[in-house]
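Below: one structure, written as C-alpha cells.
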Amino acid sequence: MIVLPLKLPINALQCMALLRRLPKNHPMRPKIEKDLRAWLKGYYGEKEFGYYLSFLPEDQYYIFHGLRLKDKNAFQMDVLIVSQSFALIAEVKNISKKLIFKKESNHVIKEFNNEEEGIQNPILQVKRQRMQFINWLEKRQIKGLPIERLVVISKTSTLVETTLDNQQIYKELIYAESIIDKMQELEKKYEKPRFSKKKLTQLVDLLLENHQPLITDILQTYKISRDEIKTGVICPKDQISTMTYYSGSWHCSSCYFSSKTAHLPTVDDYFLLLGPTITRKQLAEFLHIGSTFIAGNMVRALGLPFTGSKRGTTYFLPQKYEFIQPEEKDINLPNAYFPR
C-alpha cells in the first residue's frame, strides 16, 4: 500500500515557478533549467522504480516516497518500505550510460558521452540514511525491526563497473526490475514477524505525522531579488498571458479562456518563491486584484491556518500543504527528461 505517494519534488516545483516568472533573458535561467532537469530525472527514476513496486502485495507492505524526517539533522529517503518483518530503505539513481565505483577512495564516477563527473557515493548515502533512521526510531523507543538498505539503479541500460576486489558492491545495489526477487529474498531472511499489525500501523501513522517536506529559500539559492519576479495570474491555457479578474472569474484577453480557479497555481507560486506567509494585501498585489476584500475571500477559501484578525491577519503554509502537481504536458522545458 502506498501511504506517501510519489510527487514532483518541491525543488522542481520551485524551479518551474521561477522559469514561469523570470524574464526570458535572465542570466540565471540556464542554471535553473539545468537543476530542474536533474530534479526531473530523479523523479522519473523513482517513477520507474514505482512501476516495479506496484507488483508487491498491497496488504503486506507500506511504501513511502520521499519521506523526510528530522534526527539531529533532517534526512530524506527516496523510498522506504516497511512490513511486519523488516524495513527497506532504497536510494534510487537514474543515471545514463555508466557508473564506476572506486574501492580505494569510495569515489563514484558518472560517465556519459565520454565525459566523467564525480557524484556522491549512493551506497554511502543509503548507509547514512539507515543510521539516521535507526537513531530516529530508537529515540522513540521503537526497536526490533530489522532495517535493510539498497541502492536501486532505475535503468537497465546503465552499466555499473568496479574492480575485481570490489565485487561486494553488487550485493548492495540492484536494478529496479529485480526488486521483487530482492523482496522475496528478504522475506526468507526475516520469516518471523517482528511487529504485530497494530504496532506496524502505529509506526506508519507516526512516520506520516513526522514527515517534514522542506521548502528552501529559492531566491536566495539563485541570488534573485523579489522585484525580478513577474506577478499576476498566468493563463493556464496559453501559459503566457496575464489574466484579469472580473464578474467572479479570471479572463484571458489573448485566448479568451475563463476560469474561477485560475489563481490557485499563482498562490502556489507565491508560497514556493516568496515564503510561507501571506496577507490579504500581499495576495491582492500578487494577483493584481484591486480589492483586498476579494483577496481575503480567496485566501480564506484555501483553509489555511492564520494568526491575527481583520487587516492584521497573516495566513501561513501548513506543513502538509499539497502543492498542485503539473501534468507532463505542462512542463515546458526544452530537452526536459521524460521516460522513453
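Values in this text are rule-based calculations from the coordinates and carry no lab data. Note that the structure is predicted; figures quoted are calculated from it, not measured. As a convention, Cβ positions derive from the backbone with ideal geometry for all residues, glycine included, and neighbour counts pool all protein chains shown.
What the table shows:
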read-out: Neighbour cut-off at most 11 other Cβ (10 Å), DSSP loop, trypsin sites (Lys or Arg not before Pro), the range 153-228; value: K223
read-out: Kirkwood-type radius of the range 152-199, with distances r between different C-alpha atoms, in Å; value: 13.1 Å
read-out: Y190/K102 FRET efficiency (R0 35 Å; Cβ-Cβ; nearest 0.05); value: 0.60
read-out: Distance from the range 267-303 to the range 44-109 (C-alpha centre basis), Å; value: 37 Å
read-out: K281-I324 pseudo-label distance in nm [points 7 Å out on the Cα-to-Cβ vector]; value: 2.7 nm
read-out: Convex hull of Cα atoms in the range 1-72, direction-averaged projection (nm²); value: 6.7 nm²
read-out: C-alpha center-to-center spacing [the range 198-260, the range 114-189] in angstrom; value: 34 Å
read-out: Computed over the range 229-317: relative contact order in percent, which uses C-alpha pairs under 8 Å that are six or more apart; value: 22 percent
read-out: Segment E138-H288, length gained on full extension (0.36 nm per residue, minus Cα span); value: 48.9 nm
read-out: Restricting the range 210-302 to chymotrypsin sites (Phe, Trp or Tyr not before Pro) in coil, as DSSP defines it, with at most 13 other Cβ within 10 Å; value: Y256
read-out: Efficiency of FRET from Cβ geometry, K197 and I174, R₀ 35 Å, rounded to 0.05; value: 0.80
read-out: All-pairs alpha carbon distance profile, the range 185-340, 5 Å steps from 0, percent; value: 1, 7, 13, 15, 16, 14, 10, 7, 5, 5, 4, 3, 1, 0
read-out: Cα centre as origin, Lys/Arg/Asp/Glu Cβ charges: the chain dipole, Debye; value: 880 debye
read-out: Share antiparallel - DSSP beta bridges, the chain, percent rounded to 5; value: 65 percent
read-out: Sorted largest first, extent of the chain alpha carbons per principal axis (Å); value: 68, 53, 34
read-out: Dimensions (Å) - the range 217-308, Cα atoms, principal axes, largest first; value: 36, 32, 19
read-out: Per residue convex hull volume, Cα atoms of the range 97-188, in Å³; value: 123 Å³
read-out: Built amide H within the under 5 Å cut-off of Y175, gap 5+; value: I153
read-out: Selected from S54, G118, S154, residue furthest toward positive end of dipole (the range 22-172; charges at beta carbon); value: G118
read-out: Karplus-derived HN-Hα couplings along the range 77-90 (A = 6.51, B = -1.76, C = 1.60, θ = phi - 60°), whole Hz, x at Gly and Pro; value: 10, 4, 9, 10, 10, 10, 9, 5, 9, 6, 10, 10, 9, 10
read-out: Helix-derived mean residue ellipticity, 222 nm - over the chain, DSSP H n ≥ 4, -39500 (n - 2.57), to 500; value: -10500 deg cm²/dmol
read-out: Other-chain or far-sequence residues with amide H under 5 Å of L67's (modelled H); value: M77, L80
read-out: Hull shadow area, averaged, the range 50-90 [alpha-carbon convex hull, nm²]; value: 3.2 nm²
read-out: Of N94, N113, N135, the one that fluctuates the most in a GNM where the chain has Cα springs shorter than 10 Å; value: N113
read-out: Gain upon complete extension [K72, T162; 0.36 nm per residue less C-alpha separation]; value: 29.0 nm
